[in-house]
Every structure is written in C-alpha cells, then in structure tokens.
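Visitor: Sharing a structure, written as structure tokens. Questions coming.
The values are calculated or read from the model by the stated rules, or taken from the named source; none is laboratory data. As the structure is a computational prediction, the values presented were derived from the model and not from experiment. Cβ sites come from the backbone with ideal geometry, for glycine too, and all protein chains shown count toward neighbours. Just the protein is used for accessible areas: all its heavy atoms, side chains included, with ligands, DNA and RNA removed. Shrake-Rupley method; radii C 1.70, N 1.55, O 1.52, S 1.80 Å.
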Amino acid sequence: MTIALYPGSFDPITKGHIDIAKRSASIFDQVIIGVYDRPYKQLLFNTEERVTLTKEATADIPNVEVCSYDILTVEFRQSDWRRVL
C-alpha cells in the first residue's frame, strides 16, 4: 500500500488544494492530509475549523483522511498518525 502525506496549514483550503488531493488520490492508495497546528503565521481559522473544512471539502474522495499535527512534518510522517485521526 502506498501512502502519501500532504501537509499544510490549509487556511483556508482552496480549489487548488482539493485538486492536488484528488490527483494524489488517483496515484496513491491512501492520502493523509496533515493540517499543521502551529504555523508561524497569522491564521484565519483555528485548527479544528481547518480540519473540519478540509474534511468537508474532501468528503467525496474515499481514500483521503484528514488529521492535525503539531510536530515536525518528518516526525509526523514517522509517527503512528492513525492514533490522532
């Protein structure tokens, strides 16, 4: 099984983000969208809102899962990300 990680702040999620998620989902068995919890920039939405918006925007893509993380992306990739879903 090939799994892709698509990290970002997704503040807000855009049609471009969704396009990349759809294209990735057609290539990989599973796509994990990691919504970064602590970016060093001003945000429009809090983490919970960004996760919710991202889940709603990708609900029609069956092999996409969305979760948040607050560690380095490389550490998130190496972690057991399923426990934070």
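Visitor: Show me, for region 46-63, the HN-Hα J-couplings you get by feeding each phi into the Karplus relation (A = 6.51, B = -1.76, C = 1.60, θ = phi - 60°), rounded to Hz, glycine and proline as x.
Guide: 6, 4, 4, 5, 5, 5, 4, 4, 5, 4, 5, 6, 10, 4, 8, 10, x, 9
Visitor: Still on this structure: Just how large is the dipole of region 1-72 about the Cα centre, in debye to the nearest 20, putting +1 at every Lys and Arg Cβ and -1 at every Asp and Glu Cβ? List each step's numbers first, then the result.
Guide: Values: 7 positive and 10 negative charges, 46 e Å.
Roughly 220 debye, rounded to the nearest 20.
Visitor: Right, next: Once you wrap a convex hull around the alpha carbon atoms of the chain, what is its projected area averaged over all directions, in nm²? Don't skip to the end; give the middle numbers.
Guide: On the way: hull surface 21.2 nm².
Averaging across all directions leaves 5.3 nm² for the Cα convex hull.
Visitor: Note the full-extension length gain between GLN30 and LEU44 as 0.36 nm times their separation in residues minus their Cα-Cα distance, in nm to one decimal. Present the calculation step by step, with values, prior to reporting the outcome.
Guide: Values: separation 14, 0.36 × 14 = 5.04 nm, distance 2.83 nm.
That works out to 2.2 nm of additional length.
Visitor: PRE reach from THR2 (point 7 Å along Cα→Cβ): which of region 26-46 fall under 15 Å by backbone N?
Guide: Counting only backbone N, you get 26-32.
Visitor: Ignoring any ligand, DNA or RNA, what whole percent of the accessible area of the chain comes from carbon and sulfur when the probe is 1.4 angstrom? Don't skip to the end; give the middle numbers.
Guide: Working: 2870 of 5500 Å².
About 52 percent, which is the carbon plus sulfur part of the accessible surface.
Visitor: Which trypsin sites (Lys or Arg not before Pro) does the chain hold that lie in a coil by DSSP with at most 11 other beta carbons within 10 Å?
Guide: Working: sites: LYS15, LYS22, ARG23, LYS41, ARG50, LYS55, ARG77, ARG82, ARG83; in loops: LYS41.
Sites meeting the loop and neighbour criteria: LYS41.
Visitor: Taking H placed 1.01 Å from N in the peptide plane, check which residues at least 5 places from VAL64 or on another chain put their amide H under 5 Å from its amide H.
Guide: So VAL64 has HN proximity to VAL31.
Visitor: For ILE13, what charge total do you get from the other residues with a beta carbon under 13 Å from its beta carbon, if Lys and Arg give +1 and Asp and Glu give -1? Walk me through the numbers on the way to the answer.
Guide: Working: positive: LYS15, LYS22, ARG50, LYS55; negative: ASP11, ASP19, GLU49, GLU56.
Summing Lys/Arg as +1 and Asp/Glu as -1 gives 0.
Visitor: Which value, in Å², gives the accessible area per residue of the chain when a 1.4 Å probe is used on the protein heavy atoms? Numbers along the way, then the final one.
Guide: Values: 5500 Å² over 85 residues.
About 65 Å² of surface per residue is accessible.
Visitor: Where does the chain land at 222 nm, in deg cm²/dmol rounded to the nearest 500, when only DSSP H runs of n ≥ 4 count, each adding -39500 (n - 2.57), divided by all residues?
Guide: On the way: 3 runs with 30 residues, N = 85.
The helix-only estimate for the chain comes to -10500 deg cm²/dmol at 222 nm.
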